[in-house]
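Structure first, commentary second.
The values are calculated or read from the model by the stated rules, or taken from the named source; none is laboratory data. Nothing here was measured: the structure is a model prediction, and the numbers come from that model. Here the Cβ is made from the backbone with ideal geometry for all residues, glycine too, and neighbour counts use every protein chain on show. In case anyone asks, the SASA skips ligands and DNA or RNA and just uses the protein heavy atoms, side chains included. Shrake-Rupley method; radii C 1.70, N 1.55, O 1.52, S 1.80 Å.
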Amino acid sequence: MIRTGIIGASFARDAYLPALAHIDGATPVALASGRMESARAASEPHGIEHVYDDWRQMLDEVELDLVCIATPTVMHAPMVEACVARGAHVLCEKPTAMNAAEARAMLEAARAAGRLHMVDHELRFNPNRARIAEMIAQGDLGEIRHINITNIGASWNDPASRPRGDWWSDRAQGGGRLGANGSHQVDMLRWWLGEPASVIGQALTMVPDRIDPKTGEGWTATSDDLSHLTLQMPSGALAQVFMSGVAAANMGNETQVFGSKGTITLSNSDERLYFAKGTGGFEEITVTDPNAGLPGLNKGIWNVSVLEALRELTSAIAEGRPLARGATFVDGLRNQMVLDAVWTSTEERRWIDLDLASAT
C-alpha cells in the first residue's frame, strides 16, 4: 500500500481524492489544511483517519510514502524539502516555486533523498494534447511555424470579485495568471517543441484596486491579472500565449498550432480537436479521454487528467522505477526559469535569452 498524504484541502477535494479512489494500492491516510474545518470536510467522505491543521505535525506523526502538495506557491519549497527529508515521494502543484532558485533547491533535495518528484502539469496526460505532441513529432504538421494560445476569462474583472487576503491576488504568495496558467502553457510548449531560445513578455496588474465583496473594505492586488509571453524556438518558430482574467466575458482557452503542412485547433470549451491538412478543410480528430466518465471524478480536463498523472507516479513508486511520463522537478525548474525571465522582461522591456538545457 502506498500511504498517501495531502497538504491543501480544496484541490484534494476536487481532484486528488476522487482520482485516488480509482488507483489500487494508493490509499489516502492523512490530510492537512490551514483550517481544520476544511481538512475535515475534505477528509470525511473518504474516511481519512489522520486530519490536521498543521502540515508539519502530519509529517511528524504519520509515516507516508507519497505527499501531494496543493498550497499557495510560497509554501512549496519548504513543504517539498520537509516531505523528502522524511522519505516521501512528492507530487507538487504548479507553479513549481516562487523562483528558479527555490525550484533548484527542491530538485536537489528530492535527488539527495532519492525520492521521485513530479509537478502536476496534468495536461501532459490529456489525450488530445498528447495527440498534438505525437503529430508534431511525426511531422504531420510539417515545420512548426507558430503557435497561438489564449486563455481569457472574467474572474478578476469585477473589483469585488476577489476577497481580501486572496492568495491568488498576492504576488508575495506566488499568485497571478503567469504562475497559475502560464506555467501550464510553458510546460506544454516545451513538451511539444523542445527548449525555447528566448522569451519576451509582461506580467501586469490591470485592476489593483479591489473591494472585499463581504465587507466593502478596499485592498490592493499585487499579482498579475493579465500576462502575455512570446517564446522563440531555436528553429525560429514563435509560440505566443495571452492570458487575461480581466475581460468582461469568458472566452475560454484556445490553442492553435500552425505548421508548413497542416493546422490544428483545440478549444477547452468543448475539448474538440481539429486538423486541416494543407489548404484542406478541418476534420475532427478528437481523442476521447477514457477516464472522463468514471464515477466520482469531477468534470473538466484538470480534474480528469490528474488521475493518469497519479497512476504514473504511484506505479513508478510501486515498481521502484523512474517516471516514464510527466513533468519532473527538472521540468519545473526549466518552466520556472521561463517565468522568471518574463518578470525580468516586464521590468526591462526586452527579449531575455534562455539556456534551459543547462538546468539538469
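Computed quantities for the displayed model
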{"read-out": "Accessible surface of the chain, 1.4 Å probe, proportion on carbon and sulfur as whole %", "value": "49"}
{"read-out": "1.4 Å probe accessible area per residue over the range 102-258, in Å²", "value": "39"}
{"read-out": "Taking the range 257-360 and dividing mean pair separation by its residue count, relative contact order in percent (alpha carbons under 8 Å, at least six apart)", "value": "11"}
{"read-out": "3J(HN,Hα) from dihedral phi, the range 217-229, Karplus parametrisation 6.51/-1.76/1.60, rounded to Hz, x for glycine, proline", "value": "6, x, 8, 10, 7, 10, 8, 7, 9, 9, 9, 8, 8"}
{"read-out": "Antiparallel bridge percentage (DSSP; both residues within the chain; nearest 5)", "value": "60"}
{"read-out": "Per residue solvent-accessible surface (Å²) - the range 1-50, probe of 1.4 Å", "value": "45"}
{"read-out": "Mean Cα-pair separation over length for the chain, i.e. relative contact order, pairs under 8 Å, 6 or more apart, %", "value": "20"}
{"read-out": "The range 158-242: trypsin sites (Lys or Arg not before Pro) in DSSP coil with no more than 15 other Cβ atoms inside 10 Å", "value": "Lys214"}
{"read-out": "Residues whose placed amide H lies under 5 Å from that of Ile6, excluding near-sequence neighbours", "value": "Ala30, Leu31, Ala32, Cys68"}
{"read-out": "Sum of -39500 (n - 2.57) over DSSP H runs of 4+, divided by residues of the chain (222 nm, nearest 500)", "value": "-9000 deg cm²/dmol"}
{"read-out": "Positive-end residue of Ala26, Thr279, Trp156, charge dipole of the chain with Cβ unit charges", "value": "Thr279"}
{"read-out": "Cα-centre dipole for the chain with unit charges at Cβ (Lys and Arg positive, Asp and Glu negative), debye to 20", "value": "460"}
{"read-out": "Rounded to 5, percent antiparallel among DSSP beta bridges of the range 1-152", "value": "0"}
{"read-out": "Computed accessible area, His184, all protein chains, 1.4 angstrom probe, square angstrom", "value": "10"}
{"read-out": "Extreme residue, positive dipole direction of the range 34-101, given options Thr96, Ala77, Ala39 (C-beta unit charges)", "value": "Thr96"}
